[in-house]
Amino acid sequence: MYGPYFALGTAVCWMISAIAFENASRRVGSVPVNLIRLLVAFALLSALGWWRFGNVLPAGASAEQWKLLLLSGLLGFFVGDLALFRAFVVLGARLTTLLMCLAPPIAAVTEWLWLGNPITLLQGMGMLVTLAGVSWVVFEKPAPEDAAPGPAPEYESEARLGGPGTTVLEYRAGQAVRHITPWAIFLGVVAAAGQGVGLVCTKVAMSTPPALDAFTATQIRIIAGVATFIGLVVFTGRVGDCGAALRDRTAVLLLTIGAIAGPFLGVSLLNKAVELIPSGVAQTITSLVPVLIIPISVFVLKEQVRWRAVAGALVAVAGVAMLVL
């Protein structure tokens with residue numbers, strides 16, 4: 001009875017985390033945001049593990065499970081999330097979460113190639129519908145009046161963001177107009193691929209004996225993400241940026257909100273949902289994030305959203321529903 005509500009709560013949590021991480025990434029950069037939010041999530045999971053099992057660090061996993069989960073963390077939390085958080089800066093939360101609808105089709109293809117699980121006709125149609133919905137939005141050409149430049153916030157200047165394909169938000173009549181570049185689309189696809197392939201690695205690990213708690217698996221995945229991001233921060237000389245991010249109270253508040261809503265509370269609600277309802281139904285409900293985020297984009301973030309963007313998001317979610325059901 002309450003399963004769908006838990007799944008809907010997961011979608012709301014992920015919407016909140018997407019918006020929080022987008023704004024934090026614009027303030028302090030995507031790399032510091034990735035590292036700090038993983039450290040916060042790891043601390044929360046450690047506290048939960050100590051409360052539930054008396055263990056601060058993950059325990060009970062086999063060597064094979066550790067290998068698969070570390071690989072999953074590398075692909076999902078490092079490769080995928082590095083692209084994801086950069087996409088938040090370039091594309092914004094609404095379009096980025098829409099591109100993340102590609103993760104389930106990528107996961108289905110990976111599972112077919114790796115485990116030999118066949119793709120049904122309905123799943124194949126779902127992939128095509130999802131691709132059609134996403135393509136409809138990301139390849140939409142802006143109207144001529146939307147391209148008129150206007151003042152942009154100082155923190156989103158080209159010098160602040162840096163990186164190829166980065167564009168400044170333009171404003172017209174108080175609404176934000178965000179240009180979509182090939183680089184931005186590439187970031188979104190890489191993010192979806194990292195999540196999709198990482199999910200299959202997690203599935204294989206969870207199905208391998210011994211039985212493993214979902215929160216323990218998440219904690220092992222986060223260890224891989226923390227280790228690789230620390231290496232990236234040290235190698236690129238971004239230690240000072242992380243220190244500056246920790247001194248930005250607004251960024252720390254956004255990071256804390258995002259970490260609680262995303263990898264901690266969102267995962268907890270999703271785990272509870274799949275205990276009560278079929279996992280395919282739960283995954284379909286959680287895929288509503290691109291639709292739920294549209295009102296926030298329009299009324300809070302003042303981003304210009306056309307009816308085609310709304311229709312494309314609905315089509316993409318319908319494709320995900322066909323895929324997982």
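Examine region 19-39 for a residue that is crowded, with 16+ Cβ neighbours inside 10 Å and at positive phi, and state whether such a residue exists. Before you say what the answer is, go through the steps one by one.
Filtering region 19-39 down to residues crowded, with 16+ Cβ neighbours inside 10 Å leaves 19-39.
From the residues that got through so far, the ones that are at positive phi too are 29.
Yes.
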### Message
Please pick out the residue among 59, 43, 83 that is outside any helix (DSSP H, G or I) and surrounded by fewer than 24 Cβ atoms within 10 Å (Cβ to Cβ).
### Response
59
### Summary
Looking across region 302-325 at residues that are in contact with a helix residue (DSSP H, G or I) (Cβ under 8 Å, 6 or more places away or on another chain) and over 14 Å from residue 98 (Cβ atoms), the single one that is surrounded by the most Cβ atoms within 10 Å (Cβ to Cβ) is 323
### Query
Applying the selection to region 99-124, what residues are among the hydrophobic types (A, V, I, L, M, F, W, C) and either surrounded by fewer than 13 Cβ atoms within 10 Å (Cβ to Cβ) or more than 22 Å from residue 188 (Cα to Cα) (or both)?
112, 113, 114, 115, 119, 121, 122
### Task
Answer yes or no as to whether residue 181 is within 28 Å of residue 65 (Cβ to Cβ), at pLDDT 60 or above and of a type in the set (Ser, Thr, Tyr).
no
### Query
Give me the pairs: first residue in region 227-241 and farther than 15 Å from residue 70 by Cα, second residue surrounded by fewer than 16 Cβ atoms within 10 Å (Cβ to Cβ) and not basic (Lys, Arg), beta-carbon distance under 7 Å, and six or more apart or on different chains, which are they?
233/239
### Query
Does region 236-252 contain at least one residue that is at pLDDT below 90, of a type outside the set (Ser, Thr, Tyr) and more than 24 Å from residue 75 (Cα to Cα)?
no
### Task
For region 125-139, name all the residues that are within 20 Å of the chain's Cα centre (by Cα) and surrounded by fewer than 16 Cβ atoms within 10 Å (Cβ to Cβ).
135
### Query
Are there any pairs with C-beta distances below 7 angstrom linking a residue in region 59-88 that is among the hydroxyl-bearing types (Ser, Thr, Tyr) to a residue that is part of a helix (DSSP H, G or I), with the two at least 6 apart or on different chains, and if so which?
72/198; 72/201; 72/202; 72/205; 72/221
### Residue match in region 110-132 (condition: in a helix (DSSP H, G or I), within 21 Å of residue 259 (Cβ to Cβ), acidic (Asp, Glu) and in contact with a helix residue (DSSP H, G or I) (Cβ under 6 Å, 6 or more places away or on another chain))
no
### Query
Restricting to region 233-243, what's the tally of residues that are surrounded by 15 or more Cβ atoms within 10 Å (Cβ to Cβ) and part of a helix (DSSP H, G or I)?
3
### Query
Does at least one position in region 56-78 carry a residue that is over 17 Å from residue 193 (Cβ atoms), at pLDDT below 90 and among the basic types (Lys, Arg)?
no
### Task
Kindly provide the set of residues from region 62-80 that are crowded, with 24+ Cβ neighbours inside 10 Å, more than 14 Å from the chain's Cα centre (by Cα) and small (Gly, Ala, Ser), ordered by number.
72
### Conditions (1) hydrophobic (A, V, I, L, M, F, W, C); (2) within 16 Å of residue 71 (Cα to Cα); (3) surrounded by fewer than 19 Cβ atoms within 10 Å (Cβ to Cβ): number failed by residue 186
(2)
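The values are calculated or read from the model by the stated rules, or taken from the named source; none is laboratory data. Please read these numbers as outputs of a predicted model, since none were measured by experiment. We place every Cβ from the backbone using ideal geometry, glycine too, and count neighbours over all the protein chains shown.
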